[in-house]
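To start, the structure itself, in structure tokens.
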Amino acid sequence: WVFARDEQAGAELPDFSDATWKPVDLPHDWAIAGPFDPQYRGMVGGLPIYGVGWYRKHFTVPVSDEGKVIRIRFDGAMAESSVWVNGQLVGERPNGYVVVEYDVSKLLNYGGDNVIAVKLAPQVHSARWYTGAGINRDVWIEVDEPVHFDRRETVLTMPEVSDASATVSIDTAVRMPQGTKKNVPLMLRLLDADGKPVASARVGVATPDDQGLAKVAQQLTIPRPHLWSPDQPYLYKLEFTLGSGKKPVDTMSLPVGLRSIVFTPNDGMLINGQRVSIRGVCIHDDNGALGAVDNHRALQRKLQLFKELGVNAIRTSHNSPSPVLVQLANEMGFLLNVESFDVWRQAKNDMPNAYNLHFDEWHERDLVDMIKTFRNDPSVMMWSTGNEVVEQKSPDGEAIGKMLNEIVHRTDPTRPTSFGINFYEDSEKNGLFKGVDIVGLNYKSGYYGRFKHDYPDQMVMGSETASMYSSRGVYHLPFEGYERHPEMTVSSYDIISAIWGELPDYGWAKMAENPAVLGEFVWTGIDYLGEPSPYFGEDVNEGGKWNSDWPARSSTFGMIDLAGFPKDRYYLYQSQWTEKPMVHLLPDWNWPGKEGQPIPVMVYTNGDSAELFLNGKSLGTKVMGKDKVTLPVTNRWAPIDEFDTPYRLRWDVPYEPGTLKVVAYRDGKPVVEKQVVTSGVPAKVEVTPDRATIAADGRD
Ligand code: GAL
């Protein structure tokens, strides 16, 4: 592809000369190339995520493809895209996150040159985080015979799943020109993970309706199935074949995870009959230094880090995810809360040009396309119709909520909806609670009891929890809460939350008191570009809004930092979310000048007790749950200003250089240990790659 910034008059026309444009490989994000500049606002990463960008590509299509159905698919294009093929406009799409497909068969020169031109025009003040800008996900060209499978209209459901047997209902959709009389054979085969067929069916395809769509319903039953779950994401492959003989007319395959997910108002979420608590994280779409480029290995690495931390669910906040992420979630075992919108009709603060401009015209198509793209994926457990929308406070909130709920249920009757609420009383009053199956509360752990009391039959979860801040490797003394620090970093003692947020410990205690709560999605699993809270800056002038804290420009909410290194908080969650013995201690052990003074030492473990040693001398054993730690509460509206956590251990250790070691115990037996050591004078810097070879395929 070739790329150019800014308006390019006539660039949609085939004869336009793009000789001076820059060659680029897709996926591509022009904004991550910079420059960092406060005029773009730290809130969105201080990067040029708005303006105009053009992409063009010449390609040929063989004469032999004439008469076939040829489609171009964008897994996402950020944002406000217009697409031309050979000078003809094929479509426009404001939403940069949805998967969009165009049939271009009639516009192509078969045997000759073809040009696709894409214009993107993301608006200024249209985002609350770094969205990237450009064709930042894959683009596909699909060539089909006139009779072919329609993947989006094909629907898998699982009416019955148990250890004894599983039934998959398959509604196969086939496109064929109207009037097609031939009875094309359709063959279905389900293969296990070793490629061995375990079930099959052969049927003839029905005649098409007046839209040229034929549907064939079929069921496959699998005795003694391997079930799919986050712990064991076993995937079968469903192969579809149209036509008989050596050269089928079309083939298609879908991953199949046999699982049942049942949400209950009082017994939590049941996966294959077993209660599983949602241990989720919210994420944004960017990949740190790679920007919003949808890179397979970057996403896989992120998910591997989450797996080790004990995460079993992801909320794609606040937008439709990339197909790469969903595929990895199927394969690696994550449950997805797939979210659609961050705003509805009304604009959010300081963001006048966001999706609110397009909601009325596009919400239905965007929502339906999102669901049709991902409804056959086993990882998807629920659809979210919105996050913290302004309509929580307005009279039309209930009506819009119900309308979106109805669209979701019409498109996928098998999964519940959810919604992220931060204004509890307002949403309760204006009826939003009624327009959603699972009420998602953002930073309202203290309301779980009240909610279950008032709505015993409705389901509830923490759709956003914590919003803790920390900068990896930074420890500020004295040990106390604050809103901002002159260094513009945040202490990694894991005691500072956003003023609207809450301590993870407090949320866990509230969940323990209210077992009906389905679980939580922590804000966030990993740091992201933009939203550099608490160093947002102030609104100092129109041109450089929110820039008084420059160069702050990325979030500190993550359990993992922007480069993918775990912070201390990663281990705090790991201590609650995993079984394999682990222990972690902080801070580092370099406190020159503080000899003899007490340094707070924190231990996170899933053992039942731990013993601390300084230079070989025991400093005593402490017991989880019994030796509680008093933490400051930095939520401005919290009814308490201290919280005694049963989820951490603390020693105050007079500083002496050397080795600080912790040993964790279970039933009195040592199970795991960790140490920090005072370092000497730096001698060199060593960089160690996590692997020696990577694939030169643009995805690694
Ligand atoms: C929430 C919001 C998120 C993020 C977070 C930061 O209210 O839904 O998008 O801004 O706050 O704490």
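Calculate the spin-label point distance for His485 paired with Gln327, positioning each point 7 Å from the Cα along the beta-carbon direction, and give it in nanometres.
4.1 nm
Label Asp588 and Ser64 with points 7 Å out from Cα along Cα→Cβ: what is the distance between them in nm?
Each label point is offset 7 Å from its Cα along the Cβ direction, giving 6.2 nm.
From the protein chains alone at 1.4 Å, what is the descending order of accessible area for Trp591, Trp1, largest first?
Trp1, Trp591
Express in % the proportion of alpha carbon pairs of the stretch 233-299 at distances exceeding 20 Å.
Working: 1420 of 2211 pairs.
Of all Cα-Cα pairs in the stretch 233-299, 64 percent lie more than 20 Å apart.
Name the trypsin sites (Lys or Arg not before Pro) in the stretch 552-618 that are in a loop by DSSP and that have at most 13 other C-beta atoms within 10 Å, would you?
When the trypsin sites (Lys or Arg not before Pro) of the stretch 552-618 are filtered for loop state and at most 13 Cβ neighbours within 10 Å, Lys594 remain.
Can you report the principal axis dimensions of the stretch 393-438 using only the alpha carbons, biggest first, rounded to whole angstrom?
Extents along the principal axes, in whole Å: 30, 17, 12.
What FRET efficiency comes out for Glu364 versus Lys106 if R0 is 25 angstrom and r is the Cβ-Cβ distance? Round to the nearest 0.05.
After rounding, the FRET efficiency stands at 0.45.
With a 1.4 Å probe and all protein chains kept in place, how do Thr251, Thr411 rank by accessible area, largest first? Kindly include the intermediate steps, with their values, before the conclusion.
Working: Thr251 85, Thr411 15 Å².
Putting Thr251, Thr411 in descending order of accessible area: Thr251, Thr411.
Which value at 222 nm does the chain reach when only helices count, each DSSP H run of 4 or more adding -39,500 (n - 2.57), with the total divided by all residues and rounded to the nearest 500 deg cm²/dmol?
Roughly -4000 deg cm²/dmol at 222 nm, from the helical runs in the chain.
Identify all aspartates and glutamates with a Cα-Cα distance to Lys106 below 13 Å; exclude those on the same chain that are fewer than 8 residues away in sequence.
Asp65, Glu66
How much area per residue is accessible in the stretch 101-232 when the probe is 1.4 Å and only protein heavy atoms are counted (Å²)?
46 Å²
Could you give P(r) for the stretch 162-276, binned at 10 Å from zero, as whole percent values over all Cα-Cα pairs?
Going from the shortest bin to the longest, the percentages are 13, 37, 27, 17, 6, 0.
Quick one: with all protein chains in place, what share of the accessible area of the stretch 486-599 is carbon or sulfur, to the nearest percent (1.4 Å probe)? Could the numbers behind the result be given before it?
Working: 2160 of 3920 Å².
The nonpolar share, carbon plus sulfur, comes to 55 percent.
Please report the relative contact order for the chain, taking Cα pairs under 8 Å with a sequence separation of at least 6, and give it as a percent rounded to a whole number. Intermediate results must be reported in sequence, preceding the final value.
Details: 1733 pairs, mean separation 73.6, N = 700.
Relative contact order, the chain: 11 percent.
Gain in length, Arg152 to Lys393, computed as 0.36 nm per residue apart minus the alpha-carbon separation, to one decimal in nm? Walk me through the intermediate numbers first.
Details: separation 241, 0.36 × 241 = 86.76 nm, distance 3.58 nm.
Extra length available between Arg152 and Lys393 comes to 83.2 nm.
Take the residue pairs Lys402/Lys452; Lys372/Lys402; Lys580/Lys622; Lys302/Lys628; Lys510/Lys628; Lys622/Lys669 and return only those whose Cα atoms are more than 25 Å apart.
Pairs exceeding 25 Å: Lys302/Lys628.
Rounded, prolate or oblate: which one fits the stretch 311-458, using the alpha carbon gyration tensor with axes a ≥ b ≥ c (rounded when a/c is under 1.5, else prolate when a/b beats b/c, else oblate)? Walk me through the numbers on the way to the answer.
Numbers: a/c = 1.65, a/b = 1.20, b/c = 1.38.
Oblate shape, in that a/c is at least 1.5 and b/c is the bigger or equal ratio.
Is the C-alpha gyration tensor of the stretch 574-666 telling us rounded, prolate or oblate? Criteria: a/c under 1.5 is rounded; beyond that, a/b larger than b/c is prolate, otherwise oblate.
Because a/c hits 1.5 or more and a/b fails to exceed b/c, the stretch 574-666 counts as oblate.
Evaluate the Debye formula for the stretch 127-223 with equal point scatterers sitting on the alpha carbons, no solvent, and hand back log10 of I(q)/I(0) at q = 0.10, 0.18, 0.22, 0.24 Å⁻¹, in q order, two decimals.
The computed values of log10 I(q)/I(0) come out as -0.43, -0.91, -1.12, -1.24.
Leaving ligands and nucleic acids out of the surface, order Thr645, Thr221, Thr264 by accessible area at 1.4 Å, largest first.
Sorted descending by solvent-accessible area, the residues read Thr221, Thr264, Thr645.
Between the stretch 132-191 and the stretch 649-675, what is the separation of their alpha carbon centroids in Å?
56 Å
If each residue of separation counts as 0.36 nm, what is the full-extension length gain between Leu213 and Thr659 once their alpha-carbon separation is subtracted?
153.5 nm
If you look at just the Cα atoms of the stretch 481-602, how large are its Rg and its Dmax in Å?
Gyration radius and largest Cα-Cα distance of the stretch 481-602: 17.1, 53 Å.
Note down the nm distance, to one decimal, between modelled labels 7 Å out along Cα→Cβ at Ala692 and at Ser200.
4.4 nm
Around Asn405, under 13 Å between beta carbons, what's the net of Lys plus Arg minus Asp minus Glu among the other residues?
Once all neighbours under 13 Å are counted, the net charge is -1.
Could you give each residue of the stretch 517-525 its phi-based ³J(HN,Hα) in whole Hz, using Karplus coefficients 6.51, -1.76, 1.60 with θ = phi - 60°, and x for Gly or Pro?
5, 6, x, 9, 10, 7, 8, 10, x
Starting from the exponent 0.38 and prefactor 2.2 Å, build the expected Rg for the stretch 311-374 from its residue count and divide its actual Cα Rg by it.
Working it through for the stretch 311-374, the quotient is 1.27.
Tally Lys/Arg at +1 and Asp/Glu at -1 over every other residue whose Cβ is under 11 Å from the Cβ of Asp29; what's the total? Provide the component values of the computation, followed by the final result.
Working: positive: Arg137; negative: Asp285, Asp286, Asp294.
Overall, the nearby charge balance is -2.
Taking the Cα centre of each part, how many Å lie between the stretch 359-398 and the stretch 17-43?
One Cα centre to the other: 30 Å.
Could you give me the radius of gyration and the Dmax of the stretch 433-485, taking only the C-alpha atoms into account and expressing both in angstrom?
Cα only, the stretch 433-485: 16.7, 47 Å (Rg, Dmax).
Per residue and in cubic angstrom, what volume does the convex hull of the Cα atoms of the stretch 1-118 have?
Dividing the Cα hull volume of the stretch 1-118 by its residue count gives 108 Å³.
For Val61, list long-range residues whose amide hydrogen, built 1.01 Å from N in the peptide plane, is under 5 Å from its own amide hydrogen.
Gly111, Gly112
Taking Cα centroids, how far is the stretch 563-606 from the stretch 200-240 in Å?
Each part reduced to its Cα centre gives a spacing of 48 Å.
Tabulate in residue order the Karplus-calculated ³J(HN,Hα) for the stretch 367-384, using 6.51 cos²θ - 1.76 cosθ + 1.60 with θ = phi - 60°, rounded to whole Hz; enter x for Gly and Pro.
5, 5, 4, 4, 5, 5, 5, 10, 6, 8, 7, x, 6, 6, 10, 7, 10, 9
With a Cα-only, solvent-free Debye model of the stretch 24-81, what are the log10 I(q)/I(0) values at q = 0.21, 0.22, 0.23, 0.27 Å⁻¹?
For the requested q values the scattering log ratios are -0.95, -1.00, -1.05, -1.21.
Regarding the chain, what are the three Cα extents along the principal axes, ordered largest first, in Å?
87, 63, 58
Using the Cα gyration tensor of the stretch 262-376, with a ≥ b ≥ c the square roots of its eigenvalues, what is the shape: rounded (a/c below 1.5), prolate (a/b larger than b/c) or oblate (neither)?
In terms of gyration-tensor shape, oblate.
With θ set to phi - 60° and the Karplus curve 6.51 cos²θ - 1.76 cosθ + 1.60, what are the ³J(HN,Hα) couplings of the stretch 557-572 in order, to the nearest whole Hz, using x for Gly and Pro?
3J(HN,Hα) across the stretch 557-572, in whole Hz: 6, x, 7, 10, 7, 4, 8, x, 9, x, 8, 4, 4, 3, 7, 4.
Sorted by packing (mean other beta-carbon atoms within 10 Å per residue), highest first, where do 222-232, 680-690 land?
Peptide ranking by packing, descending: 222-232, 680-690.
The values are calculated or read from the model by the stated rules, or taken from the named source; none is laboratory data. Since the structure is predicted, the reported quantities are computational estimates derived from the model, not experimental observations. Methodologically, a virtual Cβ is constructed for each residue, glycine included, from the backbone with ideal geometry; neighbour enumeration extends over all protein chains shown. To get the accessible areas, we keep the full protein, side chains included, count just its heavy atoms, and leave off ligands, DNA and RNA. Shrake-Rupley method; radii C 1.70, N 1.55, O 1.52, S 1.80 Å.
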